[in-house]
1. Pull up the stretch 117-136, narrow it to residues that are within 21 Å of PRO49 (Cα to Cα) and in a helix (DSSP H, G or I), then point me to the one that is least open to solvent (accessible area, probe 1.4 Å).
2. For GLU120, all conditions in the list (1) touching an Asp or Glu at 6+ places or on another chain (Cβ under 9 Å); (2) modelled with pLDDT of 90 or more; (3) acidic (Asp, Glu) hold save one; what is the number of the exception?
3. Restricting the search to the stretch 97-116, which residues are under 12 Å from LEU53 (Cα atoms) and either outside any loop (DSSP other than H, G, I, E, B) or among the small types (Gly, Ala, Ser) (or both)?
4. So LEU15 passes all but one of these: (1) among the aliphatic types (A, V, I, L, M); (2) within 14 Å of the chain's Cα centre (by Cα); (3) assigned to a loop (DSSP other than H, G, I, E, B). Which condition number does it fail?
5. Counting only residues that are under 19 Å from LEU15 (Cα atoms), without any contact (Cβ under 8 Å) to a residue 40 or more places away in the chain and in a helix (DSSP H, G or I), how many does the stretch 38-88 have?
6. Being β-branched (Val, Ile, Thr), over 11 Å from the mean Cα position of the chain (by Cα) and under 20 Å from LEU14 (Cα atoms) is the filter here, so list the residues in the stretch 89-108 that pass it.
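The values are calculated or read from the model by the stated rules, or taken from the named source; none is laboratory data. Since this is a predicted model, take the numbers as computed values, not measurements. For neighbour counting, all protein chains shown are included, and Cβ atoms are generated from backbone atoms with ideal geometry for every residue, glycine included. Just so you know, the surface numbers come from the protein's heavy atoms only, side chains and all, with ligands and any DNA or RNA stripped out. Shrake-Rupley method; radii C 1.70, N 1.55, O 1.52, S 1.80 Å.
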Amino acid sequence: MKVTSLPLASVKRLLTEANLPTSDLTEAHLQHFFASDEDGVVGLEIYPPVALLRSLAVAASARGRGIGSALLADAEHYAREHQVKQIYLLTTTAERFFARAGYERVERAAVPQAIQQTQEFSTLCPASSALMRKQL
């Protein structure tokens, strides 16, 4: 898959379409965001040795073609290159997708401080979100 970068407005459009938070998203976040043309985007917040999978969204018109799985694999590869050993994420809609990719549900108390201090963990995602982790 060809991985590119997208302008902030395009990233926010894809995330908004997927009902994912964008209120805290800035140009600085885009350092660790990657896109599959205009069809999908994935982003990380990296705090070695851990990372937060900040966002993964695929345009509705492009779903079912493996774009999300490919972007997730690219993000995991990128994380490994940046000395990340564990990736955490919060989801309200895609727990089964991430479970198939090897992510396991964990308790909020088990999350490292760096992840707990992110906007996504502390304020943007509801407490009812599934919190998941993958060992890389």
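1. Residues of the stretch 117-136 that are within 21 Å of PRO49 (Cα to Cα), as a first pass: 117-122, 131-136.
Still in the list and also in a helix (DSSP H, G or I): 119-122.
Working: GLN119: 94, GLU120: 5, PHE121: 21, SER122: 65 Å².
Among those that are within 21 Å of PRO49 (Cα to Cα) and in a helix (DSSP H, G or I), it is GLU120.
2. Among (1) touching an Asp or Glu at 6+ places or on another chain (Cβ under 9 Å); (2) modelled with pLDDT of 90 or more; (3) acidic (Asp, Glu), GLU120 violates only (2).
3. Here is the first cut: in the stretch 97-116, the residues under 12 Å from LEU53 (Cα atoms) are 98, 103, 115.
PHE98, ILE115 - these are the residues of the stretch 97-116 that are under 12 Å from LEU53 (Cα atoms) and either outside any loop (DSSP other than H, G, I, E, B) or among the small types (Gly, Ala, Ser) (or both).
4. (3)
5. Residues that pass the stated criteria total 6.
6. Once the filter is applied, which keeps residues that are β-branched (Val, Ile, Thr), over 11 Å from the mean Cα position of the chain (by Cα) and under 20 Å from LEU14 (Cα atoms), the stretch 89-108 yields THR92, THR93.
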